[in-house]
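Working notes for the structure below.
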Amino acid sequence: MTVKYVAEPFRIKMVEPIKVLTREERKTKIKEAHYNLFNLAGEDCYIDLLTDSGTNAMSDQMWSGVMRGDEAYAGSKSYYKLVEAGKDIFNYGYIQPVHQGRAAEKVLFSAYLGKGKYAISNMFFDTTRAHVELCGARAIDCVVAEAKNPSIRVPFKGNMDVKRLEELINELGPKNVGLVVMTITNNSAGGQPVSVANMRDTAALCKKYGIPLNIDAARYAENAYFVKQREEEFKNSSIKEIVRAFFDCADMFTMSAKKDTLVNIGGLIGVKDPKNEIILGIKARCISYEGFISYGGLAGRDLEALAIGLYEGLSEDYLAYRIGQMEYLAGKLDEAGIIYQSPVGGHGVFVDAKEIFPNIPYYEFPGQVLAIELYKEAGIRTCDIGSYMLGNDPDTGEQLHADFEFTRLAIPRRVYTQAHLDVIAEALIEVKKRAHTIRHGYKITWEPPILRHFQAYLAPIAD
Ligand code: F0G
């Protein structure tokens, strides 16, 4: 079924020219990049869908905020404005700016996690998992089973498997579970939303066993929009009311502000109870790692833009357009019979590369094959979310076999138009048409020991 495009609720005031290289030039560039899309120069990409993180277009209001940013080292006006915005939206007593999401994780997690402890999440993002492990703890994913099948359309595929969560807590021993983390939306499962009902059930379990509950809030506004569309209780609520209902359930949050708050850099930590004793530790670690409490690794101008972006990201008109873009693109793929994690998520389309390349095994990285083909086809940069990203077993050194072999088309916010989305859909359709001619994937010729997918070198496997 054709999906109608939701027109942009903004006009364009400034443009950034982009150029298309020829097919031959693209083939050379990707070879020179050792078939790793992270090694490409941004200007060699016509449509850059590598991530939706920090790639947002700011508004005229946010840019004027940049000019008003107060650069005082301590207690700047922009800091107070940001704290007020954070307290107002989330109803939390303590708000701490940091430079990005992983900084929030680094500053917060060691308050709860250490050797012998576990953290359980509906699904950890890779840096979040890394910070759990850097504390000496172990990270366990506990998403609902439906998330693992791209074709099953259920409204809240990002949910925590609450039954399994309780089993895990009992198996591990409640005192060994240092933290439960609810990631909204669930990025690793395809930007899939979590319902408020599921959040309440998870919070009730955490309360029963005395375990703190943290929200990984990178895409909390997109999540709230899905709740409004799909959860009966909230169909007449404002986005802000839904956000409050969600955050009321947790004790704290860590946030990469590079996504739903529409800025290019920034992060936040929030703690509900202003008397919570962990705040002292947060302040101390923030000063050591990030900078003084009132700027947390950001310039005053960044704090100011973030304070404005927090509100813009909650606009229902904007969110209807934003999710509308995903649905429009997904509609084109439905028409062409291309399988993706469905229903489509909030920040991108996660295409099932295993389905496009059924004969390419996980250890030849189908998600990476599709990403390379999309670049060659139309200069579109995407990334693998599959076995290539997952890497090797740290104990045996063997290649791990991921649950999914996705190629992620992450859509930057307020950046690309309907015509760009058409180019993306057409490129995918072309690659699918000639997919049977591609019989082999890639092998790794060099890799670093951790987070290899950012840096590894690959080479095509010949016949
Ligand atoms: N949590 C989630 C759910 C994320 O998606 C990310 C980043 C982070 C935490 C870390 O935030 O980058 O500001 O330090 N995700 C980006 C992505 C990088 O492409 O999905 P950060």
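Test Ala250 against the stated conditions and say whether it is within 20 Å of the chain's Cα centre (by Cα), among the aliphatic types (A, V, I, L, M) and more than 12 Å from the ligand (Cβ to nearest atom). If you could, list the steps in order and put the result at the bottom.
On the way: within 20 Å of the chain's Cα centre (by Cα): yes; among the aliphatic types (A, V, I, L, M): yes; more than 12 Å from the ligand (Cβ to nearest atom): yes.
So Ala250 fits the description; yes.
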What number of residues in the range 329-367 are within 15 Å of Val431 (Cβ to Cβ) and within 16 Å of the ligand (Cβ to nearest atom)? 3
Residue match in the range 314-324 (condition: outside the structural domain of Val107 (by TED's automatic domain parsing), away from the ligand (no atom under 15 Å from the Cβ) and within 23 Å of Phe404 (Cβ to Cβ)): yes
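Which one is nearest to Ser188 (Cα to Cα) among residues in the range 111-130 that are more than 12 Å from the ligand (Cβ to nearest atom) and in contact with a helix residue (DSSP H, G or I) (Cβ under 7 Å, 6 or more places away or on another chain)?
Ile120
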Within the range 100-108, does at least one residue satisfy the condition of being part of a loop (DSSP other than H, G, I, E, B) and either in contact (Cβ under 8 Å) with a residue 60 or more places away in the chain or touching a Lys or Arg at 6+ places or on another chain (Cβ under 7 Å) (or both)? yes
Somewhere in the range 288-297, is a residue aromatic (Phe, Trp, Tyr), in a loop (DSSP other than H, G, I, E, B) and farther than 13 Å from Ile95 by Cα? yes
Looking at (1) of a type in the set (Phe, Trp, Tyr); (2) out of contact with any Leu (no Cβ under 7 Å at 6 or more places or on another chain); (3) in contact (Cβ under 8 Å) with a residue 60 or more places away in the chain, which is the one condition that is false for Tyr442? (2)
Leu134 passes all but one of (1) closer than 21 Å to Met389 by Cα; (2) crowded, with 20+ Cβ neighbours inside 10 Å; (3) more than 19 Å from the chain's Cα centre (by Cα); which number fails? (2)
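From the list Gly190, Gly173, Gly93, Gly86, which one is at positive phi and more than 16 Å from the ligand (Cβ to nearest atom)? Spell out how you get there, then give the answer.
On the way: Gly190 fails: more than 16 Å from the ligand (Cβ to nearest atom); Gly93 fails: at positive phi; Gly86 fails: at positive phi.
The conditions single out Gly173.
So which residues in the range 384-410 are under 30 Å from Met62 (Cα atoms) and surrounded by 24 or more Cβ atoms within 10 Å (Cβ to Cβ), if there are any at all? It would help to see each step written out before you state the result.
First, pick out the residues of the range 384-410 that are under 30 Å from Met62 (Cα atoms): 408-410.
Once the filter is applied, which keeps residues that are under 30 Å from Met62 (Cα atoms) and surrounded by 24 or more Cβ atoms within 10 Å (Cβ to Cβ), the range 384-410 yields Arg408, Leu409.
Based on what the data block shows, is Val144 crowded, with 20+ Cβ neighbours inside 10 Å, free of Cβ contacts under 8 Å to residues at least 24 places away in the same chain and touching a helix residue (DSSP H, G or I) at 6+ places or on another chain (Cβ under 9 Å)?
Working: crowded, with 20+ Cβ neighbours inside 10 Å: yes; free of Cβ contacts under 8 Å to residues at least 24 places away in the same chain: yes; touching a helix residue (DSSP H, G or I) at 6+ places or on another chain (Cβ under 9 Å): yes.
The answer is yes for Val144.
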What number of residues within the range 36-81 satisfy the criterion of being closer than 30 Å to Gly190 by Cα and out of contact with any Phe, Trp or Tyr (no Cβ under 6 Å at 6 or more places or on another chain)? 24
Looking only at the range 441-463, and only at residues there that are assigned to a loop (DSSP other than H, G, I, E, B) and touching a strand residue (DSSP E or B) at 6+ places or on another chain (Cβ under 7 Å), the one that is surrounded by the fewest Cβ atoms within 10 Å (Cβ to Cβ): Ile461
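Kindly evaluate Ile184 against the criterion of being touching a residue at least 60 places away in the same chain (Cβ under 8 Å), surrounded by fewer than 24 Cβ atoms within 10 Å (Cβ to Cβ) and in the same structural domain as His99 (by TED's automatic domain parsing).
Values: touching a residue at least 60 places away in the same chain (Cβ under 8 Å): yes; surrounded by fewer than 24 Cβ atoms within 10 Å (Cβ to Cβ): no; in the same structural domain as His99 (by TED's automatic domain parsing): yes.
No: the conditions fail for Ile184.
The values are calculated or read from the model by the stated rules, or taken from the named source; none is laboratory data. Not measured: the values here are computed from a predicted model. Positions of Cβ are generated from backbone atoms using ideal geometry, with glycine treated the same way; all protein chains shown enter the neighbour counts.
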